Amino acid sequence: MALISVALVAVLVVFHSSASAFVDAATERKEVTYGSVIKLQHERTKFRLHSHEVPYGSGSGQQSVTSFPGVEDGNSFWIVEPSADKEHKQGDLIPNGSTVRLQHMRTRKWLHSHLHRSPISGNLEVSAFGGDDQTDTGDYWKLVIEGKGNIWMQDQKVRLRHVDTNAYLHSHDKKYSRIVLGQQEVCAVTKKNADNLWIAAEGIYFLAKGTSVA
Ligand SMILES: *[C@@H]1O[C@H](CO)[C@@H](O)[C@H](O)[C@H]1NC(C)=O
């Protein structure tokens, strides 16, 4: 598993240095499969879900999660994993209603939420927490596909509903003015609206099992 991660990072570094190849590779719509490394784009503002080694100065004090205006940043990669109690293999498809976890590639922490208040809007805080050997149900998000189709696809609008609190992963144009200047707040809200729609954008997508390379 560790070896696979190292290989992935190497692949990403290569792709990173040739941005055009990276975009070309993403023009064909693909299935989002387990093990894939994706950037999650906030549909309305186009910012990408992001984390970095900056703790929140309020709430839980855990590692902060923001949304980031640029496309290129390596701190916006997340690995799509199933819940800890499920056996899924790399390349398995992810049907509507699945419980998933998103692991921040650089810091290995999980996208997490809980009953702390988010710093700007006072909704539920979303943090990055735990690691390879530490996970709990606060890391569980239910996939809710918007529109048609029962399988999670790249470029398709989805919501991620936090299992413990029932709140949706959310962002909006409320921006931080210090430290992470210009980045937007990410939080979780119980109300379903246009600001909790996300799209799997750039990334390394493992081919769906049973699909062969053309
Ligand atoms: C996905 O499941 C949710 C219920 O969890 C449902 O409301 C939604 O319509 C489903 N999406 C699709 C595309 O079937």
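Tabulated data
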{"read-out": "Only listed residue being of a type in the set (Gly, Ala, Ser) and either more than 19 Å from LEU124 (Cβ to Cβ) or within 13 Å of the chain's Cα centre (by Cα) (or both), chosen from SER58, SER51", "value": "SER51"}
{"read-out": "Cross-chain or 6+ apart pairs with Cβ under 6 Å, region 59-77 first and open to solvent by less than 10 Å² (accessible area, probe 1.4 Å), then part of a loop (DSSP other than H, G, I, E, B)", "value": "SER64/TYR56; THR66/VAL180; THR66/GLN183; SER67/PHE47; PHE77/MET105"}
{"read-out": "Strands (runs of 3 or more DSSP E) wholly inside region 78-130 containing at least 2 residues that are over 11 Å from the mean Cα position of the chain (by Cα) and within 24 Å of ILE204 (Cα to Cα)", "value": "124-129"}
{"read-out": "Residues of region 131-152 that turn out to be over 17 Å from the mean Cα position of the chain (by Cα) and under 21 Å from PHE77 (Cβ atoms), as a count", "value": "2"}
{"read-out": "Extreme residue, farthest from ALA194 (Cα to Cα), among residues of region 46-58 that are surrounded by fewer than 24 Cβ atoms within 10 Å (Cβ to Cβ) and among the charged types (D, E, K, R)", "value": "GLU53"}
{"read-out": "ASP164 vs. criteria more than 22 Å from VAL32 (Cα to Cα), more than 15 Å from the ligand (Cβ to nearest atom) and either surrounded by fewer than 20 Cβ atoms within 10 Å (Cβ to Cβ) or at pLDDT 95 or above (or both)", "value": "yes"}
{"read-out": "Residue under evaluation GLY97, criteria (1) within 16 Å of the ligand (Cβ to nearest atom); (2) surrounded by fewer than 20 Cβ atoms within 10 Å (Cβ to Cβ); (3) farther than 20 Å from LYS192 by Cβ, criterion not met", "value": "(3)"}
{"read-out": "Hits in region 68-116 (condition: at positive phi and in contact with a Phe, Trp or Tyr (Cβ under 8 Å, 6 or more places away or on another chain))", "value": "GLY91"}
{"read-out": "Count of residues meeting criterion [more than 13 Å from VAL186 (Cα to Cα) and assigned to a strand (DSSP E or B)] in region 53-75", "value": "3"}
{"read-out": "Odd one out for LEU181, checked against (1) free of Cβ contacts under 8 Å to residues at least 60 places away in the same chain; (2) within 16 Å of the ligand (Cβ to nearest atom); (3) not in a strand (DSSP E or B)", "value": "(2)"}
{"read-out": "Selected residue (criterion: least open to solvent (accessible area, probe 1.4 Å)) from residues of region 119-161 that are among the β-branched types (Val, Ile, Thr) and more than 16 Å from the ligand (Cβ to nearest atom)", "value": "VAL126"}
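The values are calculated or read from the model by the stated rules, or taken from the named source; none is laboratory data. Keep in mind that what you see is a predicted model, and the values were worked out from it rather than measured. Using ideal geometry, Cβ is built from the backbone for each residue, glycine included, and neighbour counts are taken over all protein chains shown. Remember, those area values only see protein heavy atoms, side chains included, never the ligands or the DNA or RNA. Shrake-Rupley method; radii C 1.70, N 1.55, O 1.52, S 1.80 Å.
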